[in-house]
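Contents: one structure, followed by commentary.
We did not get these values from a lab; they are worked out from the coordinates using the rules stated. Just so it is clear, the structure is predicted and the values come from calculations on it, not from any experiment. Every residue, glycine as well, gets a Cβ built from its backbone with ideal geometry; the counts of neighbours run over all protein chains shown.
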Amino acid sequence: MQRTSLFATLALLALAATSHAADLGYDPEADPFTQYQEAIAAAAAADKLVLIIAGGDWCRWCHVLNRFVENNEEIEQRLDDTFVVMKVYVGPGNFNELFFSQLPQAYGAPHFWIVSPEREVLASQSTAKLERGKSTYDKASFLAFIEQWKKVATEPQRHARAEKNGAHALNF
């Protein structure tokens, strides 16, 4: 009887861990090209930028990022005000090679790409610059990152500036 109870407890813990991981928003089954088209349309309609985040449930820092944003209402609100956030799974079972081959190379996860509604990749950035220590992100650095891109999102000459700076275009 105790053995059955132990297996039931372990099964519940595994189920809880799986459902928590699924809450991160990285879906290995999702089509990133469809996600991208939807994100671009939403960003154009709302005058925002697209924030593509590569990651997965296997990624410790993806969990840290998710908790950080969820536990910081100001960060969550400013992200929502500035970006259409698009999470793309990368990891065991689906590395989404074709999609990620269209973007500047990343060396780790989570990783950010900022894309204009005009489909210009404005930046590729590791989240390491935003970390504080070995277990969280720095709120001031994160707010500065968002504010930097909020200014770009609202400037009328955004497209011309991206071309001048040699931004990489995503034509899919």
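Just check the range 29-106 against the gyration tensor rule for me: Cα atoms, a ≥ b ≥ c as the square roots of the eigenvalues, rounded for a/c under 1.5, and otherwise prolate or oblate depending on whether a/b exceeds b/c.
oblate
Sort F33, F100 by Cβ crowding within 10 Å, fewest neighbours at the top.
In increasing order of surrounding Cβ atoms, one gets F33, F100.
Considering only DSSP beta bridges with both partners in the range 24-169, what is the antiparallel share in %, to the nearest 5? Walk me through the numbers before you get to the answer.
Working: 15 of 22 bridges.
Around 70 percent of the beta bridges assigned by DSSP in the range 24-169 are antiparallel ones.
Dipole size in debye (nearest 20) for the range 24-169 around its Cα centre, Lys and Arg Cβ +1, Asp and Glu Cβ -1? All intermediate terms of the calculation are to be shown ahead of the outcome.
Details: 15 positive and 20 negative charges, 113 e Å.
So the magnitude is around 540 debye.
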